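First comes the structure, then the notes that go with it.
Values in this text are rule-based calculations from the coordinates and carry no lab data. None of these values were measured; they are calculated from a predicted model. Note that we place each Cβ from the backbone using ideal geometry, even for glycine, and neighbour counts take in every protein chain shown.
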Amino acid sequence: MMKMKMKSVVAIAVFLETVSAISLGVVNTEGGLVRGENIPLAAGRHMDVFKGIPFADVPETFMKPKPHPGWDICLQVYVAFNMTIGSKDCLYLNIWVPHNGSVPSDMPVMVWIYGGAFMTGSEKGFRILQFTKFSGQELADRGNVIVVSTGYRVGSLGFLSTGEPELAGNYGLWDQQAAIAWVHRNIRKFGGDPDNITIFGESAGGASVSLQILSPHNKGLFKRAISQNGVALSPWTISKDPRLFAVEVALKVNCPTDEGMASCLKEIDPALLTLVGSLNLSSSASEPIVYHLDLSPVIDGDFLPDHPSKLFHNAADIDLIAGVNNMDGHIFTSIDVPRINIDLLPVPVEDLEKLLAAFTKDKGDAALQAALSLYNSTWEQTTSLESIKKTLVDIETDFLFLASTQAALKLHADNAKTGRTYSYLFSEPNQMAGIIRPNPSWMGAEHVDGVPYLFGKPFTAPVLYLAESHPDLISYMIAYWTNFARTGDPNEGGLSVPATWPSFNSTGQKFVEINSKMNESYVGENMRMRYVDLWTNGIPSLPTIIPAILPE
């Protein structure tokens with residue numbers, strides 16, 4: 001009987017040891033104990049998932065984040081309907097830790113910063129439809145990296161600014177910085193290497209990543225960065241006149257517009273502030289939607305002490321990947337000129353001139369004629385319906401994304417000490433179903449199209465994307481991104497890649513084109529150089545037109 005009892009005790013002990021071996025168990029963070037959910041994977045691997053870890057206290061309205069602990073997504077406008085969702089109690093992060101049954105050590109860490117025009121989004125996923133969600137599990141497992149996603153304030157609460165110290169703005173950027181700092185301080189407890197952190201993001205998240213590498217407040221917190229579809233120099237990243245929009249918000253909530261404006265705005269219900277600061281979706285070729293993106297980062301003299309173009313010395317030792325999709329501008333063109341999405345419906349050539357006039361208005365007719373001459377030069381003698389529509393998309397892609405990304409890459413390479421620079425073009429044709437909008441036959445890669453492949457299967461709504469139909473492309477994206485996170489070189493890090501990705505420098509602006517058919521021949525140089533030069537050198541070199549002030 002005694003022997004049987006001893007065997008039972010030993011069996012229980014072995015069982016408990018096995019259970020504890022396949023899970024990280026309770027992790028002791030600076031804010032307290034957290035326990036993750038253990039998910040069995042293939043080949044004896046496991047994933048511990050920690051959700052809703054507070055990295056800061058519930059933020060006070062228009063104040064920087066403070067240390068301490070919550071749940072929910074950041075308060076924002078649900079763009080499809082005139083309503084707000086979420087809560088200002090939103091400073092939480094999620095962590096995915098892959099392992100082989102024992103606590104890992106010194107794993108590369110990738111911190112995801114979501115996009116959404118600085119107006120919407122969450123660490124839980126894209127707010128395209130109510131049921132879309134995000135998961136870092138596939139990326140973490142297949143790339144053998146720790147993935148972190150973080151929340152931050154968006155909309156009015158994250159980016160409203162009166163231009164004065166009492167309401168300086170950039171609160172969403174400070175939230176991101178607080179999350180990155182928390183990860184740096186605590187990730188070793190989860191098996192991560194605090195000295196090998198990569199921050200990455202898409203659209204406004206990509207621009208945020210770019211701003212984080214330029215801010216002097218991030219020295220030593222991360223080693224690498226990936227900006228997808230947005231950079232600090234994008235024309236929509238920095239607010240041109242933040243106080244003007246703050247005055248509009250103040251008037252809507254019955255606050256004064258003098259020196260008492262900031263104090264009054266702080267007392268307004270956060271949900272109301274968020275709602276009145278929502279995006280104006282009315283636009284046209286003459287008044288593009290990009291000019292309605294009023295809530296965005298500002299040069300505040302603190303987080304951003306100067307214009308981003310003058311801060312690249314702060315990123316001299318940061319490895320950088322930055323790139324665009326070949327039809328990044330399509331989502332904006334669809335709003336400005338909706339007819340482009342209907343194959344048989346013509347678009348007037350005049351819309352092209354109106355769009356270029358809007359983008360060159362500060363430089364006058366000389367700029368407009370230079371732009372028209374270049375974009376018209378690609379047409380055949382008789383313009384087709386498709387060529388006009390594609391040219392409209394090219395204009396918005398070049399102006400809003402490509403030119404500024406190439407400029408940022410060049411500034412990074414020119415200022416680099418140990419930092420390496422890489423450029424890419426994502427060109428897999430869009431697979432969005434017709435639920436949200438018609439899909440034109442000539443469609444290339446839409447604004448967010450690279451993200452589903454990078455995360456393998458990030459959405460709970462598979463009708464939105466068919467990423468599973470290109471498993472090779474998923475493997476390529478994960479390999480390049482996680483190799484880079486591991487070593488600073490997208491070609492080296494344990495996972496094989498279909499083409500050698502050359503570095504970018506001022507004398508050889510090389511890039512890799514990423515799609516499901518890529519091979520060693522998918523390497524290019526000087527991406528759309530004539531168009532990039534138009535927007536980065538030609539038009540900016542022209543004198544700015546000062547509007548005449550008529551006498552009363």
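For the reader, a short list of remarks on this structure follows.
- 5 angstrom amide H check on Lys510, placed H, neighbours 5+ away: Asn505, Asn526
- Taking amide H as placed 1.01 Å from N in the peptide plane, the amide H of Gly192 sits under 5 Å from that of Asp106, Met107, each at least 5 places away or on another chain.
- Neighbour-limited loop hits for GluC sites (Glu not before Pro), region 189-288 (at most 10 other Cβ within 10 Å; DSSP other than H, G, I, E, B): Glu259, Glu267
- What the Cβ-Cβ distance of Leu33 and Leu244 gives, at R0 = 56 Å and to the nearest 0.05, is a FRET efficiency of 0.75.
- Net lengthening on full extension, Leu345/Glu267 (0.36 nm per residue, minus Cα-Cα): 23.1 nm
- Label point distance in nm, Arg530-Asp414, each placed 7 Å from Cα along Cα→Cβ: 2.4
- Near Asp533, once Lys and Arg are set to +1 and Asp and Glu to -1 for all other residues with Cβ below 12 Å from its Cβ, the sum equals +2.
- The fewest-to-most ranking of Ser23, Ser427 by surrounding Cβ atoms within 10 Å reads Ser23, Ser427.
- Label-point separation in nm, Thr378 to Asp306, each point 7 Å along Cα→Cβ: 3.5
- Sites listed here are GluC sites (Glu not before Pro) in region 491-530 whose DSSP assignment is loop and whose Cβ has at most 14 other Cβ atoms within 10 Å: Glu492, Glu520.
- Among the lysines of region 153-312, pairs that are 8 or more positions apart or on different chains and have alpha carbons within less than 25 Å of each other number 8.
- Cα centroid separation, region 158-235 to region 300-362: 21 Å.
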